[in-house]
Amino acid sequence: MTFDFKFWRYFARQGDLIHNLQENTMRKFNQRLFWIFALGVLLFALREIWGMNTRSLTPYLAEEFWDEYTLARWTSLVGTLLWAGFYLAFHSYGVAFLFSKLTKMTFRTALVMQSFVLAILLIEKALLFFLFAIAGFTMPVSLFSFGPLAATFLDHSIFNHTFVTFFFNQLTIFTALIIAIQYRFTRSFTSYSPRVILSLLILLHILVALVIGLFSAYVPIDDMLSGFTRGGASI
């Protein structure tokens, strides 16, 4: 038998979806995934147009270099769209491929799982964008993470404050929801022990948070982007 994949219906009824994936043939999944990608690209574009992550371009406005500023904003928008494509592809196809190799889950099933994960990540970004737009300013940390608490309470003399902040910034309430979804799918389509699955998923997300924290703290992304959009010359 066949069934139609309906994202929001199965978002809240994943048990039914898992049963259908095990017993039936799925249709219309690619169309739903396409719309997730389209909305994701639109979200990244809106964030960029509004001005998120464009702090390095402010000197152009201060010195009234209008042509340079316009060119830099267009360059920044193109870069953001390219990054959006990579981000969406990695968190769907890339992670699904890794899950299919590591857990023996079929790639199609892992891709369905990651479509929900990707949607959760986009919902988090959309909520943050909405809150920042209302407030009129942005922050380098997520309001849904432990990053703000880390920035406030950790002892700076013992820890690298920037690294710890960005590490905890990756651990959000949405991370817990993502782990729950990945756990449910992995447990249903593999023979591993539930305790092993949960432990490995938590460890995986912690390792990813460590890598992103190290990258964010020690790689001068702002300076690199500033040099790129200014053609390597200082204002």
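Points worth noting:
- In this simple spin-label model, placing a label point 7 Å from the Cα along the Cα-to-Cβ direction at both Q31 and A12 gives a separation of 2.2 nm.
- Taken along the Cα-to-beta-carbon direction at a fixed 7 Å, the label points for Y93 and A126 span 2.3 nm.
Coordinate-derived values only; no laboratory data. Every value quoted in this text rests on a predicted model; they were computed, and no experiment measured them. Methodologically, a virtual Cβ is constructed for each residue, glycine included, from the backbone with ideal geometry; neighbour enumeration extends over all protein chains shown.
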